[in-house]
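Let me begin by presenting the structure, written as structure tokens, before commenting on it.
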Amino acid sequence: MAQNLQLTQFLNKVVLITGAAGGIGRAVARALLETGAIVCLGDVNTDGCEETVQPYLEKNKSAKHLIYALDVTNASSVKGFVDIVVATFGRIDCAFNNAGILSGSKPLADVDEIEYDKVVDIDMKGIFLCLKYEIPAMINTGDKGVIVNTSSTLGIVGDKLSAAYIAAKHGVVGLTRAAAMDYADQNIRVNALAPGLTQTAMTEHWLADPKYQGPLLSNIPMKRPAMPEEMVGMTLFLLSDASSYITGHVMTVDGGMTM
Ligand code: NAI
């Protein structure tokens, strides 16, 4: 049985990553480039994707990768990403569906419908569209596929002032379990990563402000935010054969926040 923890297993694997222009997506993309994987980066910010691959290309000019101007809320954009990856590299072995945005900080009744729709469109419908097009491509072009969707600790527990984000990230957990159930017997595994507070562009304004930093860190037993690189181990574990009997699960990486 395959229980392989070695990173060499990613050599020449075709991995699709959304939200690859910064933060957690960039850290995972760079780690996978180091392993020799063929990394396909999708993001609204293609300049950011170029920056993601730059240090790696300086070391290894023959690195195989693809950058795509992706909007995860748009079905034809997501389908176009999947189609171009399959047309270029022949298959998709792994996908890390990670693009997301934060909602504004306000009580539920103050959230306007436009803001709610935007957060749910990117953070939840975006995951639905990725799964909808990735899974048939994996089934049609290979004998197995592995997917990790980025949820959040706020996909597991509640918090104040983040209704749209909490709804969307709980929805990501639901979509993860639904897809895992629907396709487990076709060798498709689907799990979710639930990061705790992580130092990225998404959170830098909170972490830089002493008014918010203290309360944010006080909820974390380890008393610090994660660095994006600290999400790499769990993501690669879930994408690898080392997790070959795990599907439909949510893995927290949160400094003890939800224990
Ligand atoms: P980030 O802001 O660095 O990365 C998010 C990426 O998603 C950006 O590159 C952005 O351009 C891209 N994106 C936004 N809208 C998009 C769209 N419509 N189509 C395609 N790409 C789009 O933030 P971070 O922190 O790396 O976030 C990655 C994921 O982790 C998100 O899903 C976020 O909700 C989740 N997360 C982050 C936490 C944190 O504390 N930073 C905690 C828990 C979850």
Residue pairs qualifying under the 8 Å Cβ cut-off, at least six apart or on distinct chains, with the first in the stretch 95-114 being free of Cβ contacts under 8 Å to residues at least 12 places away in the same chain and the second being of a type in the set (Gly, Ala, Ser), are none
If we keep only residues of the stretch 118-155 that are more than 12 Å from the ligand (Cβ to nearest atom) and farther than 22 Å from THR73 by Cα, then the residue surrounded by the most Cβ atoms within 10 Å (Cβ to Cβ) is GLY145
How many residues of the stretch 94-106 are within 14 Å of the ligand (Cβ to nearest atom) and either of a type in the set (Lys, Arg) or not in a loop (DSSP other than H, G, I, E, B) (or both)? The answer is 3
Sole miss for ARG91 among (1) in a helix (DSSP H, G or I); (2) more than 16 Å from the ligand (Cβ to nearest atom) is condition (1)
* Asked: So is ALA37 within 16 Å of the ligand (Cβ to nearest atom), within 18 Å of the chain's Cα centre (by Cα) and in contact (Cβ under 8 Å) with a residue 12 or more places away in the chain or not?
  -> no
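Could you grab me the full set of residues in the stretch 70-96 that are under 25 Å from GLU34 (Cβ atoms) and in contact with a helix residue (DSSP H, G or I) (Cβ under 7 Å, 6 or more places away or on another chain)? Working first, answer last.
From the stretch 70-96, those under 25 Å from GLU34 (Cβ atoms) are 70, 81-82, 84-86, 88-96; that's our starting set.
Answer for the stretch 70-96, where residues must be under 25 Å from GLU34 (Cβ atoms) and in contact with a helix residue (DSSP H, G or I) (Cβ under 7 Å, 6 or more places away or on another chain): LEU70, VAL82, VAL86, GLY90, ARG91, ILE92, CYS94, ALA95, PHE96.
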Within the stretch 7-34, the residues that are closer than 20 Å to SER77 by Cβ and more than 9 Å from the ligand (Cβ to nearest atom) are VAL14, VAL15, LEU16, ILE17, ALA29
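Residue by residue through the stretch 220-251, note down the ones that are outside any helix (DSSP H, G or I) and touching a Pro at 6+ places or on another chain (Cβ under 8 Å).
ALA226 - this is the single residue of the stretch 220-251 that is outside any helix (DSSP H, G or I) and touching a Pro at 6+ places or on another chain (Cβ under 8 Å).
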Counted residues in the stretch 156-204 being within 8 Å of the ligand (Cβ to nearest atom) and either surrounded by fewer than 17 Cβ atoms within 10 Å (Cβ to Cβ) or in a loop (DSSP other than H, G, I, E, B) (or both) come to 7
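For every residue, the table says whether it meets (1) of a type in the set (D, E, K, R); (2) within 27 Å of PHE89 (Cα to Cα); (3) assigned to a loop (DSSP other than H, G, I, E, B).
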{"site": "TYR116", "(1), (2), (3)": "no, no, no"}
{"site": "LYS125", "(1), (2), (3)": "yes, yes, no"}
{"site": "LEU131", "(1), (2), (3)": "no, yes, no"}
{"site": "ASN140", "(1), (2), (3)": "no, yes, no"}
{"site": "ASP143", "(1), (2), (3)": "yes, yes, yes"}
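Output the residue which, of all residues in the stretch 205-219 that are of a type in the set (S, T, N, Q) and assigned to a helix (DSSP H, G or I), is nearest to THR247 (Cα to Cα).
Narrowing the stretch 205-219 to residues of a type in the set (S, T, N, Q): 213, 218-219.
Of the ones still in play, those that are also assigned to a helix (DSSP H, G or I) are 213, 218.
Working: GLN213: 35, SER218: 32 Å.
Restricting to residues being of a type in the set (S, T, N, Q) and assigned to a helix (DSSP H, G or I), the top hit is SER218.
Computed from the coordinates by the stated procedures, all read-outs in this text should not be read as laboratory data. Predicted, not measured: the structure shown is a model, and the values here were computed from it. Ideal geometry is used to build each Cβ from the backbone, glycine not excepted, and the neighbour counts take in all protein chains shown.
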